[in-house]
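Here the structure is laid out as structure tokens; the discussion comes afterwards.
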Amino acid sequence: PRPDGRMPPMVVHVGRDTRSHSPALCALVVSAARAMGATVIDHGEVSTPMLHHFVMHANGHRLPCLIPQRINESGYYEVMAMSYAALLRTRGSGGGAGRRRTTRRLVIDGACGIGAPKVDRFRRIFARLGSEGGTSGLPLLHTVNFPGEGPLNENCGGEYVQKQRLPPRVYSAAPPGGL
């Protein structure tokens, strides 16, 4: 509550995934939030990490000072791509003079959900970072587990990998050269 006893305005961020019941469930959440006087920001089909990003960035006072406040999908991709490129730049040269840096492939598990098609936008931003200098050796991005290739989040996805401590099942056909 504020010093005058009033509650600050409520803002509710909602997003949905590719499951058939998601639009109806989202509509119920939006109706309930609005009935309680909240402002609703509907981000549409987004991954769980994207929705977390939007909520965190909407509360900019909680962000570390080095992270730019970006409350939209483009901002999510840019922050993730810049952060990953910065992480890659921290790796040591590891070999003597003349050692050639090889380009590796980074496989992204889309968990048979919305994350897989969203990677295309990330890929474009990531590729632009590689071409703008200072980020040579960025890996090639390869996405697996698109919607319809397997059951959503079953034996794949970040939560599965974290909790089971196992690599995800890959439902997608292997690309030329393998994974």
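The values are calculated or read from the model by the stated rules, or taken from the named source; none is laboratory data. In this text, all values refer to a predicted model and were calculated from it rather than measured experimentally. Counting neighbours? That spans all protein chains shown, and the Cβs are built from the backbone with ideal geometry, glycine included. These area figures cover heavy atoms from the full protein model, side chains too; ligands, DNA and RNA do not enter into them. Shrake-Rupley method; radii C 1.70, N 1.55, O 1.52, S 1.80 Å.
A few remarks follow.
- Scanning segment 1-24 for residues being part of a loop (DSSP other than H, G, I, E, B) and either out of contact with any strand residue (DSSP E or B) (no Cβ under 8 Å at 6 or more places or on another chain) or modelled with pLDDT under 80 (or both) gives a total of 11.
- Among (1) surrounded by 15 or more Cβ atoms within 10 Å (Cβ to Cβ); (2) at pLDDT below 85, the one test that Thr143 misses: (2)
- Yes/no for Arg104 being within 19 Å of Ile125 (Cβ to Cβ), over 16 Å from the mean Cα position of the chain (by Cα) and at pLDDT below 80: yes
- All positions within segment 13-35 that are in contact (Cβ under 8 Å) with a residue 24 or more places away in the chain and closer than 20 Å to Asn72 by Cα: His13, Val14, Gly15, Arg16, Asp17, Thr18
- Scanning segment 163-179 for residues that are at pLDDT 90 or above, on the phi < 0 side of the Ramachandran plot and either surrounded by fewer than 12 Cβ atoms within 10 Å (Cβ to Cβ) or outside any loop (DSSP other than H, G, I, E, B) (or both) yields a total of 3.
- Set side by side, the residues Ala38, Ala58 differ, and just one is open to solvent by less than 30 Å² (accessible area, probe 1.4 Å) and in contact (Cβ under 8 Å) with a residue 24 or more places away in the chain, which is Ala38.
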